[in-house]
Amino acid sequence: MLLIAPPAKAGIIDDLRAKIFNNTETVKKLDEEIKQFSTQLQNTQKEKQTLQGEIKTIDGTRAELSSGIKQTESKITKTVETINTLAGEIVERERIINKHKQSLAESLRNIRDRETNSLVEVALSYNNLSAFVNETDALDKLNSSIDTNILELRNITAELVTKKSARESEKVALAAAKNKLADQKAIADAAKKP
């Protein structure tokens, strides 16, 4: 029977998950703030008849863009923490796979050692035939179980690698969005100056 050890760095992964949760909450708050600024901006655009209305429009745009930048920075932080969590999980899965490979290698060495002897010699090394048959069945079940576990762990690792890659792409896209918002804010700042 194989036992899978608990992750060596579970505390780190749990901390990262807590940070991800906190960043999710921050993103929600910033979403609400952006909605409020958008509403203010729409109301201010109605007052646009005067110079004061124009200044309010620019201030609203600047505030909305600032919130957008903060929101994007929170999303980037959340994405980086997700990437770090996935990287930790990948390392842990690879460690477990290596442990299973070592176990499998040991089992295969034992089988090979037994196969070098004739079937009669192996059978005679046991006190009775049922012990020999039980040992053979147990080794077959063990090999099958190890193969299944390694395959499952490889599939999980491949899935985690795919998720990590997607998050890294998301991080790049968010960084580009942040730069675009910063450029728009710089334009709004320049428009406010007399």
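Residue by residue through the stretch 31-52, note down the ones that are modelled with pLDDT under 70 and either assigned to a helix (DSSP H, G or I) or within 30 Å of Asn98 (Cβ to Cβ) (or both).
Of everything in the stretch 31-52, those that are modelled with pLDDT under 70 and either assigned to a helix (DSSP H, G or I) or within 30 Å of Asn98 (Cβ to Cβ) (or both) turn out to be Gln45, Lys46, Leu51.
Just to verify a result, which residue in the stretch 101-119, among those that are modelled with pLDDT of 75 or more and either within 25 Å of the chain's Cα centre (by Cα) or basic (Lys, Arg) (or both), is most open to solvent (accessible area, probe 1.4 Å)?
Here the residue is Arg109.
Filter the stretch 120-163 down to residues that are among the charged types (D, E, K, R) and more than 30 Å from Ala87 (Cα to Cα) and give me whichever is surrounded by the most Cβ atoms within 10 Å (Cβ to Cβ).
Applying the filter and picking the extreme gives Glu135.
Looking at Glu64, Glu73, which one is touching a Phe, Trp or Tyr at 6+ places or on another chain (Cβ under 6 Å), closer than 30 Å to Gln36 by Cβ, at pLDDT 85 or above and part of a helix (DSSP H, G or I)?
Checking each option against the conditions leaves just Glu64.
Could you tell me which residue of the stretch 1-30 is farthest from Leu65 (Cα to Cα), considering only residues that are more than 21 Å from the chain's Cα centre (by Cα) and either open to solvent by less than 60 Å² (accessible area, probe 1.4 Å) or at pLDDT below 85 (or both)?
Selected residue: Met1.
The values are calculated or read from the model by the stated rules, or taken from the named source; none is laboratory data. All figures in this text were calculated on a predicted structure; none of them were measured in a lab. All Cβ positions, glycine included, derive from the backbone under ideal geometry; neighbour counts span all protein chains shown. Keep in mind that these areas ignore ligands, DNA and RNA; they rest on the heavy atoms of the full protein, side chains included. Shrake-Rupley method; radii C 1.70, N 1.55, O 1.52, S 1.80 Å.
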